Amino acid sequence: MGSARAWVATMIGAGLLMAGPALAAEPVQITMWSNWPDEPAKKEWVTARVRDFEAANKQCSVKLSFIPKADIYTQAKSAVRTGQAPDVFYMEPDQPEFLAGGFLEPLDGHVDLSRLEDWAKPAWTSKGKVYGLPVEAYTVELYYNKDLVKKVGVEVPPSFQLTQGAFADLVKKGAAAGITPVSQGVGDRPFPGGLLLFESLLRKLGPEDYGKLLNGALSFRDPRVLEVMTWFKGLVDAGAYPKSFATLKLGESHYYFYQKPGALTFPDPSWFTGRAFAPPESGGMPADFPLGIMQFPAMDGGLCPSCKTLAVAGSFVMYSRGKNKDCAGALLNAMATPGNGNKWMEQVSLQTGLKTDPSTIKSSRAEYFAELNARNKDVTYFFGTPLLYYRAKCAETYTQVMNNAFPAGLIGVDEAAAKMDAACRKGS
């Protein structure tokens, strides 16, 4: 007995007596906040990537939470300052204060950046380093109900682009028939109300001068800008938008378009599919909905009728003060593969900043993809929406004026232009 006790004591002292798996090292747990709680395809894509990562990396576990975007931003702004931010969280490039405050970790040492699309990297690049994984990319599209547009007597031409006058005629005919011409709402977002106007300004001005407008080097009192704004004001006055425009939320505007009460058109980034391709009982589009995609109207004398906005949206970033950067970085690196990019496009039917292999993509939405690709063939891309350029008071003014008051018909052309110039014009 004594010798047995001595052996046990010796083994404990030597650290060689183990209690089996019970004493195995616990995995390091990282926290991850993702947007898209109400977009099933995106939610499932993120969930699957986390599951795959945990299966291949037993030393790491992930506490994943799905939180609405606005709440993520509100909570993250407080959490990064108190040191309580999650290791990985959802972010879009229009929130530069996180990078400016030093709260984001550069991904260069964690992620194989060669697996990101070259056009997507600049959205997250600062001083030569990349700070975000650009999962979601999009173009700004003009969706329409083929049957309703035909019902009001408008024929979409083979180019799928109406003229400035023909689009105004579509709005008037829809309003006269008691059908909302343009489904849109700004109840919970700072940008949708400006989509139709600013896409039209891009086509009128061309990418160079449109870039000057967004950078504050071109006045909103420029005659070409005022011409487009006056045309747009005519659409508003003709009843283009829903009466509930000011309170209608983004998700509700989708349902308004393809369910009830129905609308002729719906300007929306191509992330439209995140809600539209959900099951109808979950607010998605009916299987037999006559969906079409047309180009935004060609402006009279426009310099670039084939122009279109391309941008990066939903991305994932690392907290610079996180204590588990090895696992957090490994998670993002595991997400950034062409295979996962393919799965995103197959499941979500949306562009991505991850590199993909189009030859191997299989999608049940092949017909939709074909039409989307057709509308994006031979176009000239302009990178970034207005809120990617506008900051501080200028961004607030855009939200209040161009996203809300002007398309709601609460102010006129001259007042809207003056407010934008006062807030955004540089050197004026």
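The values are calculated or read from the model by the stated rules, or taken from the named source; none is laboratory data. All values reported here derive from a predicted model rather than from experimental measurement. As a convention, Cβ positions derive from the backbone with ideal geometry for all residues, glycine included, and neighbour counts pool all protein chains shown. Surface areas here come from the heavy atoms of the whole protein model, side chains and all, with no ligands, DNA or RNA. Shrake-Rupley method; radii C 1.70, N 1.55, O 1.52, S 1.80 Å.
Conditions (1) among the basic types (Lys, Arg); (2) touching an Asp or Glu at 6+ places or on another chain (Cβ under 9 Å); (3) at positive phi, marked per residue:
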| site | (1), (2), (3) |
| --- | --- |
| Arg49 | yes, no, no |
| Ala70 | no, yes, no |
| Val80 | no, no, no |
| Gly83 | no, no, yes |
| Asp94 | no, no, no |
| Arg115 | yes, no, no |
| Lys121 | yes, no, no |
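Pick out the one residue from Leu214, Leu202, Leu195 that is open to solvent by less than 10 Å² (accessible area, probe 1.4 Å) and either within 23 Å of Phe160 (Cα to Cα) or outside the structural domain of Met402 (by TED's automatic domain parsing) (or both).
On the way: Leu214 fails: either within 23 Å of Phe160 (Cα to Cα) or outside the structural domain of Met402 (by TED's automatic domain parsing) (or both); Leu195 fails: open to solvent by less than 10 Å² (accessible area, probe 1.4 Å).
Selected residue: Leu202, the only one of Leu214, Leu202, Leu195 that is open to solvent by less than 10 Å² (accessible area, probe 1.4 Å) and either within 23 Å of Phe160 (Cα to Cα) or outside the structural domain of Met402 (by TED's automatic domain parsing) (or both).
Can you give me the ranges of the strands (runs of 3 or more DSSP E) entirely in region 278-356 with at least 2 residues that are within 23 Å of Leu387 (Cα to Cα) and touching a Ser or Thr at 6+ places or on another chain (Cβ under 9 Å)? Can you show your working first?
Details: elements: 291-298, 307-312, 315-318.
It comes to 291-298, 307-312.
Of the numbered conditions (1) farther than 21 Å from Ala374 by Cα; (2) crowded, with 17+ Cβ neighbours inside 10 Å, Lys355 fails exactly one; give the number of that condition.
(1)
Would you check if Arg275 is open to solvent by 10 Å² or more (accessible area, probe 1.4 Å), modelled with pLDDT of 95 or more and in contact with a helix residue (DSSP H, G or I) (Cβ under 7 Å, 6 or more places away or on another chain)?
On the way: open to solvent by 10 Å² or more (accessible area, probe 1.4 Å): yes; modelled with pLDDT of 95 or more: no; in contact with a helix residue (DSSP H, G or I) (Cβ under 7 Å, 6 or more places away or on another chain): yes.
No.
Take region 100-120 and flag every residue that is modelled with pLDDT of 95 or more and either under 20 Å from Ser34 (Cα atoms) or touching a Lys or Arg at 6+ places or on another chain (Cβ under 6 Å) (or both).
Of everything in region 100-120, those that are modelled with pLDDT of 95 or more and either under 20 Å from Ser34 (Cα atoms) or touching a Lys or Arg at 6+ places or on another chain (Cβ under 6 Å) (or both) turn out to be Phe103, Leu104, Glu105, Pro106, Leu107, Asp108, His110, Val111, Arg115, Leu116.
Where the second residue is surrounded by fewer than 23 Cβ atoms within 10 Å (Cβ to Cβ) and assigned to a helix (DSSP H, G or I) and the first is among the aromatic types (Phe, Trp, Tyr) and lies in region 266-292, which pairs have Cβ atoms under 7 Å and are six or more apart or on separate chains?
Phe277/Ala41
Assuming Tyr241 fulfils every condition listed in (1) in a strand (DSSP E or B); (2) surrounded by 20 or more Cβ atoms within 10 Å (Cβ to Cβ); (3) not charged (D, E, K, R) apart from one, which condition is it?
Here Tyr241 clears every test but (1).
What's the number of the only condition in (1) open to solvent by 20 Å² or more (accessible area, probe 1.4 Å); (2) over 22 Å from the mean Cα position of the chain (by Cα); (3) farther than 16 Å from Ala336 by Cα that Asp112 fails to meet?
With (1) open to solvent by 20 Å² or more (accessible area, probe 1.4 Å); (2) over 22 Å from the mean Cα position of the chain (by Cα); (3) farther than 16 Å from Ala336 by Cα applied to Asp112, the lone miss is (3).
Inspect all residues belonging to region 277-294 and state whether any of them is β-branched (Val, Ile, Thr), more than 16 Å from the chain's Cα centre (by Cα) and not assigned by TED's automatic domain parsing to the domain that holds Gln95. Break it down stepwise before answering.
First, the residues of region 277-294 that are β-branched (Val, Ile, Thr): 293.
Subsequent filtering for residues that are more than 16 Å from the chain's Cα centre (by Cα) retains 293.
From the residues that got through so far, the ones that are not assigned by TED's automatic domain parsing to the domain that holds Gln95 too are 293.
Scanning region 277-294, I find at least one residue that is β-branched (Val, Ile, Thr), more than 16 Å from the chain's Cα centre (by Cα) and not assigned by TED's automatic domain parsing to the domain that holds Gln95, so the answer is yes.
Give the residue, chosen from Ser320, Ser270, that is touching an Asp or Glu at 6+ places or on another chain (Cβ under 9 Å) and surrounded by 19 or more Cβ atoms within 10 Å (Cβ to Cβ).
Numbers: Ser320 fails: surrounded by 19 or more Cβ atoms within 10 Å (Cβ to Cβ).
It is Ser270.
Check off (1) under 21 Å from Cys424 (Cα atoms); (2) without any contact (Cβ under 8 Å) to a residue 40 or more places away in the chain; (3) touching a helix residue (DSSP H, G or I) at 6+ places or on another chain (Cβ under 6 Å); (4) not hydrophobic (A, V, I, L, M, F, W, C) for Asp222 and give me the number that stays unchecked.
Of everything listed in (1) under 21 Å from Cys424 (Cα atoms); (2) without any contact (Cβ under 8 Å) to a residue 40 or more places away in the chain; (3) touching a helix residue (DSSP H, G or I) at 6+ places or on another chain (Cβ under 6 Å); (4) not hydrophobic (A, V, I, L, M, F, W, C), Asp222 misses just condition (3).
State all residues of region 64-78 that are surrounded by 15 or more Cβ atoms within 10 Å (Cβ to Cβ), of a type in the set (A, V, I, L, M, F, W, C) and part of a helix (DSSP H, G or I); if no residue qualifies, say none.
Ile72, Ala76, listed by residue number.
Mind listing just one residue for me: the one in region 362-399 that is touching an Asp or Glu at 6+ places or on another chain (Cβ under 6 Å) and of a type in the set (A, V, I, L, M, F, W, C) and, of those, most open to solvent (accessible area, probe 1.4 Å)?
Leu388
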